[in-house]
Each structure stands twice: as structure tokens, then as C-alpha cells.
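Down below is the structure, laid out as C-alpha cells.
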Amino acid sequence: MNGRRWIAALAAAALCAAGTTDAFARESIRAATTIGMVADLVRQVGGGRVEVDALMGPGVDPHLYKPTSTDAARLNKADVIFYSGLMLEGRMGDLFAKLARTGKKVYATTESVPESRLTEPAEFAGHYDPHIWFDVSMWAETVPTIVKGLSEVDPSGKEIYGKNGADLTARLAGLDEWCKATAAEVPEAGRILVTSHDAYNYFGRAYGFKVIGLQGVSTVSEAGLADMASLVDFIKKQKVKAIFVETSVNPAAIKRVAEDAGVQIGGELYSDAMGEPGVKKLGFDTGTYDGMVRYNLTTIVNALK
Ligand SMILES: [Zn+2]
């Protein structure tokens, strides 16, 4: 190819690429989400048709998260909004209600989780425990809401969303099986999970761990001295091998408990936020829901078995 033809070919390719991008931008649906675990599932159901804008990145605590003015603009620009719900994003509730009143399509993905599967721990004062993503079979119950939401704003993609949703549900069933098998590597008596806050109740119920959190279900209230002393006693009596810190919660209190109880920190777990996309830990991409679940359980099992 001579020089001039080469340039012409390049220009044609660039035009073609620009055309494709434009067409994509016009046709694709914009979805805004809160926590990464919701964003990940919306991406998988949406496939190439949906652009996902996740407001809460790695290390962000959804209980305490206050929407910024930029967030309001991002939510306004979206065709559809998915959040987790059950009061997880406590300070965003008013904004979501306001947007819904203006006609924006807003969905709490947990609305399709059967109420019979939700628990109301005493420390959460009459509210449901919102941390359902660590029981993979429960998180899979949010897929129908995502399929419904995307199909409502983009009816021509309905079939694709339905198929992607079914494929995703099958993958999540596989992940759930993997979790059960991996958890079983720790003898039953040793399956005690001590962490900063009560994010793992559903996890414990699904995979057979007794779960103790230093703070209540939400991170809003800080751990008191009495809680710390009784937790130290518990750890000593039960001969717990390791306790864990969380990436989105201040580790100071749990580190002090570890020191007082003479027990090691078994690692850092993801609870209410995922990791950096593409950064692998123990071989898992913790910036994905699948990788985060596998990394957490592997960390727990390695420390306790
Ligand atoms: Zn939490």
C-alpha cells in the first residue's frame, strides 16, 4: 500500500469507528448504580447495550454515603437507576424518591428478593438486614429486577436482557455451589467469623458460619468499650484462630480486639464495597462480584482451617 492509499484507508477506518461509536452512544442505555455489587450485575445483564455509571467506588461505605452535587447530575443523566435498597444507601433515599417523582425509572434491586428470606436482626431496630450479596443465592434474586428495569427503558432489548439474566443466574448458582464446597473445608466448630460490622449474617446462614460483628448492622454507630471487652472474652473462650478487618470500615477497633485477645488478623475482607477493578488478590479480581466473593471466602478459609 502506498503512502496516500494508506492515509485514505486510515481515514476511512477512523470514520467508520467514529460512526460506530456514535451509533452506540445514541442507542445505548445509561444506567446509574450505587454499590459496585449492583453495578456488576447490571453490566452483566446489560451486556453491550448498557453503559453503567457506578457512584460508589472501592472503599466507599454506603451506610454513610452522602450524594454530592455531581452525583445528582449523574443520576439525572441516567435513563434508569438501580440501587440495592433495604436502607443500605440510607442518605440517598430522599434523592431516589425525588427522582422517581419526576418520572425517572428507579429500582431497588432487592425488591425481587422474597421477604421470607430477609432477616431483621435486633440491632437493626425493626429494619431488614441489607447485606444480602454475601449469600450468592439471595443476590441472584435481584437479577429479575434488573432484567425488568432495563426492559422497561429499552423494550427492544427485552429478549437479550432476559437471556443475559438467565445466563447470569446460572453463573451465580455455580458460584454458590463453589462457596458451599469451599466453606466446608473448615471444620464446623471452627467456622466462626469475627469482623468489624454485621455485614455477614446472610453469609453465615448460607455457608454455615457463626458470625459476630463488633459494630451493629450499620456502621453509623461506633463500637463501645463493653462490646469490645465481651468480644475479647468470646474469642478467647472459643479459641477463635483469626478475626478480620473490612475494607470500607475503620479497622482501629478490630485491631485493638485482636491485640487484647492475642489473636491474629486473618486478612482484609470486602464487605460493603468491592476492590479496584483489575487488581488481583489471591488470584481473584476483587473489582468483580464473583472475584470479591471468592477472595473473601478464600481469605476466611485460609485463616480458619
Ligand atoms: Zn454494612
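The values are calculated or read from the model by the stated rules, or taken from the named source; none is laboratory data. Treat the numbers as computed from the prediction; the structure is a model and nothing was measured. Neighbour counts are summed over all protein chains in view; Cβ atoms, including those assigned to glycine, are modelled from backbone coordinates with ideal geometry. The area values use the complete protein model at the heavy-atom level, side chains included, leaving out ligands, DNA and RNA. Shrake-Rupley method; radii C 1.70, N 1.55, O 1.52, S 1.80 Å.
Computed values, structure above
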quantity: Subset of segment 22-47 (residues that are at pLDDT 95 or above, more than 16 Å from the ligand (Cβ to nearest atom) and of a type outside the set (Lys, Arg)); calculated: Ile29, Ala31, Ala32, Thr33, Ala39, Asp40, Leu41, Val42, Gln44, Val45, Gly46, Gly47
quantity: Number of the exception - Trp178 against (1) within 19 Å of Val52 (Cα to Cα); (2) open to solvent by 30 Å² or more (accessible area, probe 1.4 Å); calculated: (1)
quantity: Of all residues making up segment 156-170, the number that are more than 13 Å from Val50 (Cα to Cα) and open to solvent by 30 Å² or more (accessible area, probe 1.4 Å); calculated: 7
quantity: Residue, farthest from the ligand (Cβ to nearest atom), within segment 56-89, restricted to residues that are touching a residue at least 60 places away in the same chain (Cβ under 8 Å) and part of a strand (DSSP E or B); calculated: Val80
quantity: Residue in segment 109-128 that is in contact (Cβ under 8 Å) with a residue 40 or more places away in the chain and of a type in the set (A, V, I, L, M, F, W, C) present; calculated: yes
quantity: Residue ID - nearest to Trp133 (Cα to Cα), chosen from residues in segment 262-279 that are crowded, with 18+ Cβ neighbours inside 10 Å and small (Gly, Ala, Ser); calculated: Ser271
quantity: Subset tally (residues that are hydroxyl-bearing (Ser, Thr, Tyr) and within 20 Å of Val293 (Cβ to Cβ)) for segment 117-163; calculated: 4
quantity: Residue tally, condition open to solvent by less than 50 Å² (accessible area, probe 1.4 Å), within 16 Å of the ligand (Cβ to nearest atom) and modelled with pLDDT under 85, over segment 217-248; calculated: 5
quantity: Test: residue in segment 109-121 that is within 19 Å of Asp272 (Cα to Cα), open to solvent by 60 Å² or more (accessible area, probe 1.4 Å) and modelled with pLDDT under 95; calculated: yes
quantity: Selection within segment 288-305 - surrounded by fewer than 20 Cβ atoms within 10 Å (Cβ to Cβ) and in contact (Cβ under 8 Å) with a residue 60 or more places away in the chain; calculated: Asp290, Thr298, Val301, Ala303, Lys305
quantity: Given (1) open to solvent by 10 Å² or more (accessible area, probe 1.4 Å); (2) away from the ligand (no atom under 15 Å from the Cβ); (3) modelled with pLDDT under 95, number of the condition Leu282 does not satisfy; calculated: (3)
quantity: Leading residue by the ranking (modelled with the highest pLDDT) among those in segment 172-197 that are among the hydroxyl-bearing types (Ser, Thr, Tyr) and within 16 Å of the ligand (Cβ to nearest atom); calculated: Thr195
